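The values are calculated or read from the model by the stated rules, or taken from the named source; none is laboratory data. In this text, all values refer to a predicted model and were calculated from it rather than measured experimentally. We place every Cβ from the backbone using ideal geometry, glycine too, and count neighbours over all the protein chains shown.
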Protein chains: 2
Amino acid sequence: MLDNEVMELLGIEYPIIQAPMAGGVTTSELVVAVSNSGGLGMIGAGYMTADQMREQIREITQLTDNTFGINLFVPTEFEVPEEEVETANQLLQPIREQLNIDAKDSLEIPQYKKVLAEFHEQINVVIEEKVPVCSFTFGIPSRDVIKELKRYGIIVIGTATTVKEAMEIEKEGMDMVVVQGSEAGGHRGNFLVEHEESLVGLMSLIPQVVDNVNIPVVSSGGIMDGRGLMASICLGAKGVQMGTAFLTCKESGASELHKEEILQAHEDQIVFTRSFSGKWARGVNNKFIMEMQQNEASLPSFPVQNTLTKGIRKASSSQRNREFMSLWSGQSPRLAKSQTVNALMKTIIAEAKTICNKN
Amino acid sequence: MLDNEVMELLGIEYPIIQAPMAGGVTTSELVVAVSNSGGLGMIGAGYMTADQMREQIREITQLTDNTFGINLFVPTEFEVPEEEVETANQLLQPIREQLNIDAKDSLEIPQYKKVLAEFHEQINVVIEEKVPVCSFTFGIPSRDVIKELKRYGIIVIGTATTVKEAMEIEKEGMDMVVVQGSEAGGHRGNFLVEHEESLVGLMSLIPQVVDNVNIPVVSSGGIMDGRGLMASICLGAKGVQMGTAFLTCKESGASELHKEEILQAHEDQIVFTRSFSGKWARGVNNKFIMEMQQNEASLPSFPVQNTLTKGIRKASSSQRNREFMSLWSGQSPRLAKSQTVNALMKTIIAEAKTICNKN
């Protein structure tokens, strides 16, 4: 029923990819549990240094012989004038005071050149450590990078939010495309279209992309169980990438508070904000999102705003204060469960089989 | 494969409902073609007078013995101060001038009491003419209305955009619920939550609603073919309601220009606006939407704004000027085709069978 080229290309038993959630969610325990259960575990390395990456890759290869992957953020050129940083800082100051944070915290403003250099260091680690699969978000790396990775037998995956973006990913020579529906939690992966235009639901996005590219399509956004897997297959996807469903698993590195917030949330409480990072992302609504909303449009670009809010996110997390944390979640929180990865994987496959037998 | 209670309740061969698009799209020819092809044809009567409804219902019963249905808008209390109408009018004036419209046109501002009285006249026609199925958008009618319709054996369907809205529809005694995903074209049906919170993609919306209500769930939004039908079934829906797919059919009453615009559009050009009617709705982007965008939030409520833009929509349509028409469309325009209803229905069923056999 689920035999296809994605599973063959990735060398996995089930067409299920664990979304490479950045920021500490993808512990080695999580990645290994997914790969050992027949799916593809992924390291969300977007915010990691080359050294941190190398360390985790080595840890994972010690723990599993199965395929796993890694995800990197493609840097986009940015320039944020000092006044803009200052204005954003002032907006954040009252929140820092509420949380008793020293204002001088975490203000090393990123520079594009440095970010780009770090990205190339990350690519080198992927090659040196022979990571089997490398996916990208926020854009397409240069053809040279793609060629180099492929020369080492690494499967290269792009992330698209529209047909145009998926076509571009195919054109640049990537092996596979993950399409991110508007249902998806965390950061939006749009890079050729604006945020609003990128919000296409999977029911519309999957078939329209499938009809316009020849590389395999994997769907992501709101998929939590065997129903979502089989629906994606019906629409023409060859597999699914699931974030929130794995985030609330025992093995995930998300904070307990983050997990609890998702487990208690309803779909109409999951909103978009760009106030945490400067890039649009979806998560559980809270005070930070609401308070920053009126100034949202004028905040600095990613990753500058992300740096500015680092101290706030860290302090609110350690103070167990849900109101100022980034509680990323897709639109299906009612389907989230606290369980092991293995239990989740088994349930999905059992549900998928039941659906197949019924139809 | 597709045998279920929705088909039984509605007395139809295939679990496919033609969305009751208001504003002239649902000609008797369209409704009859759908019902005669094994689906459920629906009259979009939201903007019709009781007399117009009666006339079309009688015409349809002459042309088919199969089940068909009708949809009504549930009136919501509104009050628009004269100054607000005046401001909105001034914003529209430059557009009227571009289109050579007499400004005095179509300015009979609706009053809530009158709208409510007309709604009750519409309900009476549905009962008197024994329409087999009556669906509602923009809210839930009173329990008395629901009971009265059911007493006459009329199947009563509600429209929901979130789990909460679907649960309320069940609680009030309706027989079935259509869930409208964020992919859907035309007006949003949200009534308990705000616009932004109502934008849940079908991949998330269907399973979460199915898990929380006992009445059958029908999905709508971006569904265009057998893939969308089977995906909906996998997610737990018992049937689908399709708008855009029927709008571009030969039998639909949409203008040729409207059909052409959808046939040429891409998914990233389908946007939300409340500038045409005062209620959020999805359609192909154009000059009117872009020009009005900055004042969108402060425009009068539905149906007042709808009345104010009536002349503009009419004139731009008769002048074949796409820029000021409401070109409603869901998020899957690339899947739209110019074809007969019968061809569309046959293709859907054939595709669905192929998918079932493959899995």
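Results for (1) within 14 Å of chain A (Cβ to nearest Cβ); (2) assigned to a loop (DSSP other than H, G, I, E, B); (3) among the β-branched types (Val, Ile, Thr); (4) within 20 Å of the chain's Cα centre (by Cα), shown as yes or no for each residue.
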site: B:Val271; (1), (2), (3), (4): yes, no, yes, yes
site: B:Lys279; (1), (2), (3), (4): no, yes, no, yes
site: B:Glu291; (1), (2), (3), (4): no, no, no, no
site: B:Asn295; (1), (2), (3), (4): no, no, no, no
site: B:Pro300; (1), (2), (3), (4): no, yes, no, no
site: B:Ile312; (1), (2), (3), (4): no, no, yes, no
site: B:Ser316; (1), (2), (3), (4): no, no, no, no
site: B:Arg320; (1), (2), (3), (4): no, yes, no, no
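Considering each residue of region B:174-210, count those that are surrounded by fewer than 23 Cβ atoms within 10 Å (Cβ to Cβ) and in contact with a Pro (Cβ under 6 Å, 6 or more places away or on another chain), and give that number. Looking only at that region, the number is 0.
Filter region B:218-228 for residues that are in a loop (DSSP other than H, G, I, E, B) and either of a type in the set (Lys, Arg) or touching a Phe, Trp or Tyr at 6+ places or on another chain (Cβ under 7 Å) (or both) and give the result. Let's see the steps before the verdict.
Applying the first criterion (in a loop (DSSP other than H, G, I, E, B)) to region B:218-228 yields B:221-225.
Listed by number, the list is empty, since nothing qualifies.
Taking region B:37-87 as the range and being assigned to a helix (DSSP H, G or I), modelled with pLDDT under 95 and either among the acidic types (Asp, Glu) or more than 19 Å from B:Val304 (Cβ to Cβ) (or both) as the test, the residues that pass are B:Glu82, B:Glu83, B:Glu84, B:Glu86.
Residues in region B:219-260 that are more than 19 Å from B:Ala19 (Cα to Cα) and buried (at least 22 other Cβ atoms within 10 Å of the Cβ): 2 in all.
Which one is nearest to B:Ala265 (Cα to Cα) among residues in region A:157-171 that are more than 9 Å from chain B (Cβ to nearest Cβ) and surrounded by fewer than 23 Cβ atoms within 10 Å (Cβ to Cβ)? Out of the qualifying residues, it is A:Met167.
For region B:68-95, a tally of residues being more than 30 Å from B:Ile12 (Cβ to Cβ) and either buried (at least 20 other Cβ atoms within 10 Å of the Cβ) or in contact with a Leu (Cβ under 9 Å, 6 or more places away or on another chain) (or both) returns 10. In region A:229-255, of all residues being within 8 Å of another protein chain (Cβ to nearest Cβ) and part of a helix (DSSP H, G or I), the one that is farthest from the chain's Cα centre (by Cα) corresponds to A:Cys234. Just one of the listed residues (A:Asn190, A:Asn214) is at pLDDT 95 or above and over 18 Å from the mean Cα position of the chain (by Cα), and it is A:Asn214. Scanning region B:172-205 for residues that are part of a loop (DSSP other than H, G, I, E, B), closer than 18 Å to B:Gly239 by Cβ and within 11 Å of another protein chain (Cβ to nearest Cβ) returns B:Gly181, B:Glu183, B:Ala184. A count restricted to region A:322-350 and to residues that are over 17 Å from A:Gln264 (Cβ atoms), away from every other protein chain (no Cβ under 14 Å) and in contact with a Leu (Cβ under 9 Å, 6 or more places away or on another chain) stands at 2. Residue under question is B:Ile215, and the condition is that it be in a loop (DSSP other than H, G, I, E, B) and touching a residue at least 24 places away in the same chain (Cβ under 8 Å); does it hold? Here the answer is yes, as B:Ile215 does meet what is asked.
Residues in region A:131-153 that are more than 25 Å from A:Ala281 (Cα to Cα) and either touching a Ser or Thr at 6+ places or on another chain (Cβ under 9 Å) or buried (at least 21 other Cβ atoms within 10 Å of the Cβ) (or both): A:Val131, A:Pro132, A:Val145, A:Ile146, A:Leu149.
Here A:Gly221 meets each of (1) within 14 Å of chain B (Cβ to nearest Cβ); (2) at negative phi with one exception, condition (2). When the test is whether a residue is closer than 18 Å to A:Leu202 by Cα, touching a helix residue (DSSP H, G or I) at 6+ places or on another chain (Cβ under 8 Å) and more than 10 Å from chain A (Cβ to nearest Cβ), B:Gly226 does not pass it.
For residues that are among the small types (Gly, Ala, Ser), outside any helix (DSSP H, G or I) and crowded, with 21+ Cβ neighbours inside 10 Å, tally how many sit in region B:322-359.
Count: 5.
Screening A:Asp102, A:Asp3, A:Asp65 for residues that are over 23 Å from the mean Cα position of the chain (by Cα) and under 29 Å from A:Cys234 (Cβ atoms) leaves exactly one candidate, A:Asp3. Please tell me if A:Met7 is hydrophobic (A, V, I, L, M, F, W, C) and more than 21 Å from A:Met230 (Cβ to Cβ). No.
Residues in region B:283-321 that are more than 20 Å from B:Val115 (Cβ to Cβ) and among the basic types (Lys, Arg) were compared, and the one that is surrounded by the fewest Cβ atoms within 10 Å (Cβ to Cβ) is B:Arg320.
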